[in-house]
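*Asks:* Take this structure, written in structure tokens, and hold onto it; I'll ask about it next.
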Amino acid sequence: VSLKRIAAAQQDRTTGVDWTLVAGLRVQASERLSALMSGTAWDKEEQHRQGWAVIRQLLDEDTADALASGREVRSPAEQEAVGQAVFDAVFRLGRLQPLVDDPDIENIMITGHDRVVVETANGTMRHADPVADSDEELAEFLAFLAARSDNPRPFTQANPSLHLMLEGGARLSAALDTARLSVMIRRHRVGEVTLEDLVEWGSLSPVLADFLRAAVRARKSLVVSGAQGAGKTTLVRALCAELDPWEPVGTFETEYELFLHQLPNKHHTVRAWEVRAGSGE
């Protein structure tokens, strides 16, 4: 990738970050890191440390190239912003990261790189800035995320659906076989919940909570259904909280959402399965 060519791209009006430059640097940083990591087993902290070293090296090379060619040199603040954007692109969620980091945002709905709607915790919806320069760029970045996940999976025209659990517990789903690339990111704010909590919040009446508690303890089969964002996962977590802590539990999920295996004080024995993409085998 030619840094001279991509540095001439139009910069984002809000942040001043040249996203085309960031995309190019992300590719170079990934390639250099892959070469450095060959035959090694770095933990996440070491990967981040080495990643910053590579990113700063690339930025220094670009600055030297700018001086040699007479291009304008970025200020220290601009340099830091570009570096952080490249780090986010390599190790985090790139241009999606600020939206996921926003504590007020509950859901992120994307129907094309430039059609981004966010829903806040109080139900308010608003438009957000584009998260890529094209649908193709966004699809390529999602494929990169899928390939580097703990459970690597493809995201291609042959495998047009993607489900990922993001760091921090947010859930990402994407599809290539819609009119335009679509992406949905949902954040789960309530990880540990009981039926008593739902009563206190006004989500259930005490009578309904007692009924559901009795149904669980009587080992009845229950089906939880409802609209997107209605609270299905939260209710299932609350129902599971009524199980005896010593009851062995198995969960089968497209991607982890219940996280019962992360509640050892409530569930002593949990076997949690997550879907793995099929192959020709």
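The values are calculated or read from the model by the stated rules, or taken from the named source; none is laboratory data. As the structure is a prediction and not an experimental result, all values here were calculated from the model. Cβ sites come from the backbone with ideal geometry, for glycine too, and all protein chains shown count toward neighbours.
*Asks:* Look through segment 13-25, keep the residues that are part of a loop (DSSP other than H, G, I, E, B) and either under 22 Å from the mean Cα position of the chain (by Cα) or buried (at least 21 other Cβ atoms within 10 Å of the Cβ) (or both), and return whichever of them is modelled with the highest pLDDT.
*Replies:* Among residues in segment 13-25 that are part of a loop (DSSP other than H, G, I, E, B) and either under 22 Å from the mean Cα position of the chain (by Cα) or buried (at least 21 other Cβ atoms within 10 Å of the Cβ) (or both), the one modelled with the highest pLDDT is Asp18.
*Asks:* Let me ask something additional. Out of all the residues in segment 26-52, which are under 21 Å from the mean Cα position of the chain (by Cα), of a type in the set (A, V, I, L, M, F, W, C) and modelled with pLDDT under 90?
*Replies:* Val27
*Asks:* Within segment 189-231, how many residues are touching a residue at least 24 places away in the same chain (Cβ under 8 Å) and within 24 Å of Asn265 (Cβ to Cβ)?
*Replies:* 15
*Asks:* Kindly evaluate Val216 against the criterion of being out of contact with any His (no Cβ under 7 Å at 6 or more places or on another chain), surrounded by fewer than 12 Cβ atoms within 10 Å (Cβ to Cβ), over 27 Å from Pro103 (Cβ atoms) and not charged (D, E, K, R).
*Replies:* Values: out of contact with any His (no Cβ under 7 Å at 6 or more places or on another chain): yes; surrounded by fewer than 12 Cβ atoms within 10 Å (Cβ to Cβ): no; over 27 Å from Pro103 (Cβ atoms): yes; not charged (D, E, K, R): yes.
So Val216 does not fit the description; no.
*Asks:* Continuing with this model, one more query. Just one of (1) touching a Ser or Thr at 6+ places or on another chain (Cβ under 8 Å); (2) not in a helix (DSSP H, G or I) trips up Val90, so point out which.
*Replies:* (2)
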